[in-house]
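Below: the structure, in structure tokens.
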Protein chains: 2
Amino acid sequence: MARRSGVLELAVLGLLHESPLHGYELRKRVNALLGPLRAISYGSLYPCLKEMVAGGLLATDDEASESAVGRRSRIVYKLTAEGKERLQDQLAEGGPSAWDDDSFGVRFAFFAQTDAEVRLKILEGRRSRLEERREKVTSAFGRTREKLDRYTLELQQHGLESVDREVRWLNELIATERGSVSARPRRVTTK
Amino acid sequence: MARRSGVLELAVLGLLHESPLHGYELRKRVNALLGPLRAISYGSLYPCLKEMVAGGLLATDDEASESAVGRRSRIVYKLTAEGKERLQDQLAEGGPSAWDDDSFGVRFAFFAQTDAEVRLKILEGRRSRLEERREKVTSAFGRTREKLDRYTLELQQHGLESVDREVRWLNELIATERGSVSARPRRVTTK
DNA sequence: TTCGTCATGTAATGGGTTACATGATTAC
DNA sequence: GTAATCATGTAACCCATTACATGACGAA
């Protein structure tokens, strides 16, 4: 049954929720979403789509003879009821898996469809994840600082500043989210 | 013969060039070098070391009975002549493979052992790589800007700023390198 | 007519992880 | 005595890539 990545699956689910698409177009959207790093290829996408169809998450709406003037017949994918349900489940999940480097970007991209409480949880989780990372580096750092050459030092420094910048970004986002969440009564509805 | 990644191999070669090490320690150093992202596990390192030994790049200096008081006998790895040669070749290579996301960090970490001309070439290559990336994003961006929701927009924006920051960093490094290279006569010795 | 883009797919391969297995030593 | 860390290794699996195969359409 091979779950095919989670990230890719989520990206597909989220994009198809907006509108049905065929594979080729879907790939472009996925790559726009994921950014030039971790862009995916056909060799990943098509098998993934097949499995999602087999798993009952997607339905194909073959756009063959009708309306299409020329063109090779495109296979249009759309969410099934089960697919929508899966998407909702995924988006409701704000646990550790959501603040991984891989997942976070995709999760964030679908924040518009995500519950406000969960958004906050993900942002905070992501931040603490980064802070752990930061601490791990700095502690290993203090022990060996003297021994490192200029370049290695420069690299570590730059990496550290990247993390800091990321954390500052998250802080801003969290502040904004808190503002809009606390505006309404905020009854605790955690799951 | 399975080349086992190049990046990992280079990291191992570079670290062992400084001093012989055993696997466990080597792993810690490699992970410090690569950063918490793309940290590697034993399941990667040990098979890689085995292959490098089989390939004649490394020699094992079994630190069993002698000197070691207690402890499980550690296998200490060091570079062979062939290994040193391979390292030099790798470090002399300043082509496109060196400005990949994966490779660049490792290449940079060993800049102290790298020729000044090659350093410059790698930094410039890396920069243009990032600029390509930037351009690709911004062009796909202009076409769809209006249709994107707040969060997707925020994400793209942040990604873009990250790239810009990276480029600025490279600019500084290049300026510094240029300073020290042009200090000496600078006969063009490109390969 | 040839090149770029649209469009779908498969097979081989690659590079890595997780989980497991084993066992000694050190610090509490 | 028991937990953490040191230390080495294997097997099963995962996810993705590359290269290949195929073909139609539009524009230069």
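Every read-out reported here was derived from the displayed coordinates using simple, explicitly stated rules and does not represent laboratory data. Quick caveat: nothing in here was measured; it's all calculated off a predicted structure. When we count neighbours, we look across all protein chains shown, and the Cβ atoms used for this are built from the backbone with ideal geometry, even at glycine.
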Copies of residue A:37 compared via label points 7 Å along Cα→Cβ give distances in nm, shortest first, of 0.2
Low-density loop trypsin sites (Lys or Arg not before Pro), the range B:30-130, at most 16 other Cβ within 10 Å, DSSP non-H/G/I/E/B, are B:38, B:71, B:72
If labels are modelled 7 Å from Cα along the Cβ direction, residue B:24 lies from its partners in the other copies at nm distances, smallest first, of 5.7
Distance in nm between residue B:137 and residue B:51 label points, each 7 Å along Cα→Cβ, equals 3.2
Quick calc: nm separation of the 7 Å Cα→Cβ label points for residue B:116 and residue A:84 -> 6.7
Checked the range A:115-183 with the C-alpha gyration tensor, a ≥ b ≥ c its square-rooted eigenvalues, rounded below a/c of 1.5, otherwise prolate if a/b is larger than b/c and oblate if not; verdict prolate
In this structure, the FRET efficiency calculated for residue A:147 and residue B:172 from their beta-carbon separation, with R0 = 30 Å, to the nearest 0.05, is 0.80
Of the listed pairs B:28/B:78; A:136/B:121; A:78/B:136; A:28/A:50, those with alpha carbons more than 22 Å apart are A:136/B:121; A:78/B:136
With the label set 7 Å along Cα→Cβ, residue B:174 is separated from its counterparts in the other copies, in nm and shortest first, by 3.7
So the FRET efficiency between residue B:165 and residue A:44, C-beta based with R0 = 41 Å and rounded to 0.05, is 0.90
Once amide hydrogens are built 1.01 Å from N within the peptide plane, the residues lying 5 or more places from residue A:22 or on another chain with amide H under 5 Å from its amide H are A:77
For the range B:28-44, Karplus-derived ³J(HN,Hα) couplings (6.51, -1.76, 1.60; θ = phi - 60°; whole Hz; x for glycine and proline) come out as 4, 5, 4, 5, 5, 5, 7, x, x, 6, 6, 5, 10, 10, 4, x, 9
